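Novice: Sharing a structure below in structure tokens format, with a few things to ask.
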Amino acid sequence: MEKRVKTAVIATINDVAELAGVSKRTVSRVINNSNKVNQDTRERILAAIRSLNFSPNAQARGLASRRSYLLGLLFNDMNAAVLHPVQKGLLRACEQSGYELIVKPVQSHKPDYVDEIIQFVKRTQLEGLVLLPPIANDEQVIEAFRENDIPYVRFGARLVDDEANMVVSLDREAMGLVAALFEDRAVTTVGVISGPVDRIASQERLEGLKAALAKRGFALPDEYIVYGDFSYNGGREAALKLLSLKGRPDAIFAGNDQMAIGAMQQAQQMGLGIPQDLLVVGYDNDSAASLVSPPLTTLARPNEEMAEAAAHRLLARLNGSFPEAAPGNRFLPELIERESTARSN
């Protein structure tokens, strides 16, 4: 004899409306706490919601309020070390606030990409967006958002906009942690593999490290600064230049972990031991940083917390509670020490 197994059915707004004997719009008004529904009808709808164990979604709430309850994330750099925690933080904030998240990669090399972004925002009826660098620093995009009254919050390593529109990673200040580590390990010569010169984060990290080293009596001549492209191969090529100098560095800071890993492996290929002959520090706390040999010391930007704060700052503006309900917008990266900077025995 065949057994039939009952499967759980998720109640919809249509089910609530049918059970309560009202329209979907009336149910949506109750979900949104509208005062346009009389008390008897409201109680009947609430009873139906409880009976069906109904959980309202953003679309149902938007039906009556004429809001989409959608936020967007825009990015044009597929750095998983950043994207994954950022999405986690945004999703947590959205879940807490009854919003949904739409993630949109941008092809910023296309000539009409700004128009495409604006059309995308209008088509999806996003209420606001969070932007990641480098597109977060694209003033064409920001100007288009302002012209179209699109609320946004952007990530950055420097305050380049109104406080309301930014969450900032204190990269310049964090370089003091790297300089202090090098001083503690009795480093004599520092080399830097910086990111692309036109990236604000690259500028902040380099200038911050220069200042922090100078404060401790270290010189950083131009020949000890090589610019990379945030890639593994770029790190290898830059390290080869630094380690071929007559007075080679005994410590390297790289602007991200991929370049740092490339630098480590180039040094090892040249017969140098890490950390015995060369200390290496990266930035990002990439998932590979703890897996390479030796594990990489790195600066970890709190991307998840920054993203959650960005979403809540955006929501506070949308709901008219900014700045009272907005979280802070300054975040200091953490230095995670691993074996690539371990003390020599």
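Novice: For the list (1) part of a helix (DSSP H, G or I); (2) surrounded by fewer than 16 Cβ atoms within 10 Å (Cβ to Cβ); (3) at pLDDT 95 or above, I need the number of the one condition that Val103 fails.
Specialist: With (1) part of a helix (DSSP H, G or I); (2) surrounded by fewer than 16 Cβ atoms within 10 Å (Cβ to Cβ); (3) at pLDDT 95 or above applied to Val103, the lone miss is (1).
Novice: Please determine, by comparing only the residues of the stretch 328-345 that are acidic (Asp, Glu) and more than 18 Å from the chain's Cα centre (by Cα), which one is farthest from Pro294 (Cα to Cα).
Specialist: So, considering only residues that are acidic (Asp, Glu) and more than 18 Å from the chain's Cα centre (by Cα), the one farthest from Pro294 (Cα to Cα) is Glu337.
The rows are residues; the columns are (1) touching a residue at least 12 places away in the same chain (Cβ under 8 Å); (2) of a type outside the set (A, V, I, L, M); (3) outside the structural domain of Asn137 (by TED's automatic domain parsing).
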| position | (1), (2), (3) |
| --- | --- |
| Val190 | yes, no, yes |
| Ile193 | yes, no, yes |
| Ser202 | yes, yes, yes |
| Gly208 | yes, yes, yes |
| Ala212 | yes, no, yes |
| Phe218 | yes, yes, yes |
| Pro221 | no, yes, yes |
| Ile225 | yes, no, yes |
| Ser231 | yes, yes, yes |
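Novice: Sticking with this one: Looking at this structure, is Phe145 touching a strand residue (DSSP E or B) at 6+ places or on another chain (Cβ under 8 Å) and assigned to a helix (DSSP H, G or I)?
Specialist: Yes.
Novice: Restricting to the stretch 162-179, count the residues that are within 16 Å of Phe331 (Cβ to Cβ) and part of a loop (DSSP other than H, G, I, E, B).
Specialist: Number satisfying all stated conditions: 1.
Novice: Something else about it: So Ala164 fits all but one of (1) at pLDDT 95 or above; (2) buried (at least 16 other Cβ atoms within 10 Å of the Cβ); what number is the exception?
Specialist: Here Ala164 clears every test but (1).
Novice: Scan the stretch 126-142 residue by residue and report those that are part of a helix (DSSP H, G or I) and within 15 Å of Gly72 (Cα to Cα).
Specialist: Once the filter is applied, which keeps residues that are part of a helix (DSSP H, G or I) and within 15 Å of Gly72 (Cα to Cα), the stretch 126-142 yields Ile135, Ala136, Val141, Ile142.
The values are calculated or read from the model by the stated rules, or taken from the named source; none is laboratory data. It should be emphasised that the depicted structure is a prediction, and the values quoted were computed from it without experimental measurement. Because the Cβ atoms are built from the backbone with ideal geometry, glycine has one as well, and the counts that use them run over all protein chains shown.
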